[in-house]
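Take a look at the structure set out below.
The values are calculated or read from the model by the stated rules, or taken from the named source; none is laboratory data. Computed from a predicted structure; not experimentally measured. Note: ideal-geometry Cβ built from the backbone for every residue, glycine included; neighbour counts use all protein chains shown.
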Amino acid sequence: MRFAVLPATTLFFSQAKFAQTQTRPAIWISAAELANLPTSGAAWNKLKAAADSDFGQAKGGHDDNHDVYTFGQALVAARLNDNSYRAKVADNLMSAIGTENNGNALSLSRNLLGYVLAADEIDFPDFDPVREAQFREWLRNVRYKDIHAVAVRSGVWHYGLERLAGQLRQGHGLDGLDSCQGHYRRAQS
């Protein structure tokens, strides 16, 4: 199902008329940019259906698509400015804590980005500062955890996680990660 949600998300974003300014720094898309996206059509319907589905709690591992659904749900929450969706996203973010024990370092690095993006989209520090602090602490600690005898810090594919950790270490929080967006754009070209 990961691949069904991603094309819908791509189509959804391809219809955007992006604003020149942002109200706050964002990793993926700002609130102003998101406000310009439609809430109707095939892409929106697929994204909303995924956000409304019962995709359970995070399990970890390479077959777990919970991060993708959580990110999709966060996009819906932010686009609709709906706190009930934000609460579901926050619950899903918290269910991710500890799932690194169910996979390997590659699984963690694959799944982590969706959770970080979701936390950014719902403005987790303002929405639920207590749970956001727990989530942030997990992010700080998981980057040094040995998972199946592989240190998470090793490997080229951990660049984003290391970048995230550096930003968090400098006290920029989840809102200060706009430099990751630039890295993403460079990687796409």
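Summary of values
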{"item": "Matching residues in the stretch 46-68 - criterion: being crowded, with 21+ Cβ neighbours inside 10 Å, in a helix (DSSP H, G or I) and hydrophobic (A, V, I, L, M, F, W, C)", "result": "47, 50, 51, 68"}
{"item": "In the stretch 89-102, the residues that are buried (at least 20 other Cβ atoms within 10 Å of the Cβ) and more than 12 Å from the chain's Cα centre (by Cα)", "result": "99, 100"}
{"item": "Residues that are among the polar types (S, T, N, Q) and part of a helix (DSSP H, G or I), drawn from the stretch 69-95", "result": "70, 73, 83, 84, 92, 95"}
{"item": "Subset of the stretch 100-154 [at pLDDT 80 or above, among the β-branched types (Val, Ile, Thr) and either touching a Leu at 6+ places or on another chain (Cβ under 8 Å) or more than 17 Å from residue 78 (Cβ to Cβ) (or both)]", "result": "116, 130, 142"}
